[in-house]
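As structure tokens, the structure follows; a few thoughts come after it.
The values are calculated or read from the model by the stated rules, or taken from the named source; none is laboratory data. Everything numeric in this text was worked out from a predicted model, so none of it was measured. Using ideal geometry, Cβ is built from the backbone for each residue, glycine included, and neighbour counts are taken over all protein chains shown.
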Amino acid sequence: MPDEQTPDDLPHDDRPPNDEAPIVLSRRQVRLLVAVFIANVIIIIVLAALALSTPAVQIVEKIVSPAGPLSTRTLIPTITPTSLPPVTPTPTPISPFGGGGAIAFTLRRNGNSDIYAVNAGDNQLVRLVSHPADDRDASFSPDGATLVFASHRDGNWDLYSMDVASGVTTRLTFSTTYEGAPAWSPDGQQIVFESYRNDNLDLYVMDRDGKNVKRLTTDPAPDTNPAWSPDGKSIAFSSYRNGNKDIYLLPLDIPDGEKDLANLTNTPDRDEDNPAWSPDGTQLAYTSGRPGDQLIYVNTFDLKYKNLQEADVGLFGQGSGPVWSSDGKAIAFTYHRGDSDALIGANLGGWGVAQEAFGGREFIAHPTWTSKLIPTEAISRSLAEAPLKAPPLYTEIVSPTGRGQPPYVFVQMENIQPPGQMLSDAVDDSFRALRARVLLETGIDYLNLVGNTWRPMNHIPRDGQSRRSYHVAGRAVDINQEPFQQAGFPTTIVREDIGGVTYWRVFIKAKNQDGSMGEPLREAPWALSTGTADGGAPMTTIPPGYYVDFTTLANDYGWERVRAIWQWRSYYPDVEWWHFQKTDGLPWWQAMEQVYKEEDIIGSYGPYPGMD
């Protein structure tokens, strides 16, 4: 019998219609395939059994753009219980937004702060308060129908109230000085707030219509962030009156309650702020620590003796600005991560469930939580008004370069001292726009004098510092250091520790000290003293006057501060409070390739691209 021909032995024209040869398996290969199939079936059965007994943990972060969710990435764990409970009943995790309602907060976008809100558990962003001037410090009335907030819309910081459904806004205060941080009485008939009058930041109270203003505190130290107790008998607030920031209790049921103040935290070694009462008044949440690295604590409050129970202090987690849900089972707060913030809700129970309410590459602060949902009228009004995405603060006008040349040239900056300062054409217009904004906000052309901008590739760095500087790429500026720590503190800095790394927030004293520019300092500046063990300490007395937050303005235009170098406590050049750079997310080597030829970079720095 002739041998059987395989398709490969047939002439091309006589092969089966399929161009690919059929797969022929030996008996050994068939047995192996069957074994693999059985093993996969066993694995699937085991995984299914585990899934029926163990909660699945999905770690996601919602990144929300003005148009809605864009993507997800790892951050906050969301625990999903299984559909079939185990034989022994176990607690079911509760959503941190189970109490429902809406959360409003300050959101800074494109150089402007407005008040936005989300319904609890929903990521639809609604802009409640919108104005070209800054709006912030929102507080819902007890019935959720009215929002009181601070705004700079009439030339200085005053308080306003708004009917949430209709959007009708009423001005409450008419002082030429600063007012902010309003909070409602539990019956909704009065508002406590902070006001900077007679060069002193104190607490005041007024009726809900702005009438009958009464001063509550008179101490020379700043008193800030008041929170009215649910029983209406006292107000918790933060103050520097003992040389550091503690939380105090002001009784309202005696004629001069300030003489009977109680220091609730009394911790000389750290600062506490942002007091927030639980709905039943039995607990007080607050923050502790240096700005940028604050922790939230929840402490039991003794209603009888008007103090906090030391034995019942509980660490809630990292964040700031805590606010309670109406059912008292969850707290919403701001969580700082790198160069952005997120609004988080988390349960107080043992499950520790946390969920992001809103997050993005923006500044978020001062949340307030009501049991009422955002009215449909407010949502419709938000959609009908100006779009969430505002026009850009500046436009980079780029000059064309020759063929074979880097895409950007160096531009010499005009009217800046010392002469000859240059920046990359990719960032020079943003610096001009920032300079104009600082002049507008402070009344001072602070950026007309700089330390330096551009440095050549062959520059010699300071001891211990890298040659790979964004100055060389034309993307960094050292602002003027001369006014720092001079008499009257025309420029001062606040230390912020983020993730164990020290940064600085720069404040410039406004030219006009009539309340039309800036606001009073609410954090103790850092008295820098290099060569000491701690490199200085917070000032025990906060300088008076109105200041502008330069760091926030710089960030609006893409100019970011840099971290202090590790030996800043002993070596002043490593403090770096004056150093701002605009990287646009580019690693150093790519930033260099925008203005230099690759062979020139390699000739100066070597053949291995550095990624800073």
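So the values come out like this:
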quantity	calculated
Any pair with Cβ under 8 angstrom, 6 or more apart, that starts in the stretch 179-202 at a residue that is in contact (Cβ under 8 Å) with a residue 12 or more places away in the chain and ends at one that is aromatic (Phe, Trp, Tyr) and assigned to a loop (DSSP other than H, G, I, E, B)	GLU179/TRP157; GLY180/TRP157
Subset of the stretch 504-532 that is in contact with a Gly (Cβ under 7 Å, 6 or more places away or on another chain) and closer than 20 Å to ILE565 by Cβ - its residue that is surrounded by the fewest Cβ atoms within 10 Å (Cβ to Cβ)	SER529
Exclusive hit being in a strand (DSSP E or B), over 25 Å from PRO375 (Cβ atoms) and in the same structural domain as GLN294 (by TED's automatic domain parsing), set VAL148, VAL205	VAL205
Residue satisfying condition, being part of a strand (DSSP E or B), assigned by TED's automatic domain parsing to the domain that holds ASN480 and more than 28 Å from the chain's Cα centre (by Cα), within set GLY451, GLY420	GLY451
Failed item in (1) modelled with pLDDT of 95 or more; (2) more than 29 Å from GLY99 (Cβ to Cβ), with ASP271 passing the rest	(1)
Among the residues listed as ARG455, ARG468, ARG505, the single one being of a type in the set (Lys, Arg), touching a strand residue (DSSP E or B) at 6+ places or on another chain (Cβ under 9 Å) and over 21 Å from GLY111 (Cβ atoms)	ARG455
Residue match in the stretch 286-295 (condition: surrounded by fewer than 16 Cβ atoms within 10 Å (Cβ to Cβ) and part of a loop (DSSP other than H, G, I, E, B))	no
ASP497 being of a type outside the set (A, V, I, L, M, F, W, C), surrounded by fewer than 22 Cβ atoms within 10 Å (Cβ to Cβ) and part of a strand (DSSP E or B)	yes
Strands (runs of 3 or more DSSP E) within the stretch 516-602 that include 2 or more residues assigned by TED's automatic domain parsing to the domain that holds TYR503, out of contact with any Pro (no Cβ under 6 Å at 6 or more places or on another chain) and over 30 Å from THR177 (Cβ atoms)	579-581
Some residue of the stretch 84-104 being over 26 Å from MET517 (Cα atoms), assigned to a loop (DSSP other than H, G, I, E, B) and modelled with pLDDT of 90 or more	yes
Odd one out for LEU439, checked against (1) within 21 Å of GLN481 (Cβ to Cβ); (2) in contact with a Pro (Cβ under 6 Å, 6 or more places away or on another chain)	(2)
From GLY359, GLY402, GLY349, residue being closer than 25 Å to ASP135 by Cα and either at pLDDT below 85 or over 22 Å from the mean Cα position of the chain (by Cα) (or both)	GLY359
Some residue of the stretch 412-423 being touching a residue at least 40 places away in the same chain (Cβ under 8 Å) and closer than 13 Å to HIS471 by Cβ	yes
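Let's see how each residue does on (1) under 20 Å from the mean Cα position of the chain (by Cα); (2) among the charged types (D, E, K, R):
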{"residue": "PHE105", "(1), (2)": "yes, no"}
{"residue": "GLY111", "(1), (2)": "yes, no"}
{"residue": "ASP114", "(1), (2)": "yes, yes"}
{"residue": "PRO132", "(1), (2)": "no, no"}
{"residue": "ALA138", "(1), (2)": "yes, no"}
{"residue": "THR146", "(1), (2)": "no, no"}
{"residue": "ALA150", "(1), (2)": "yes, no"}
{"residue": "LEU159", "(1), (2)": "no, no"}
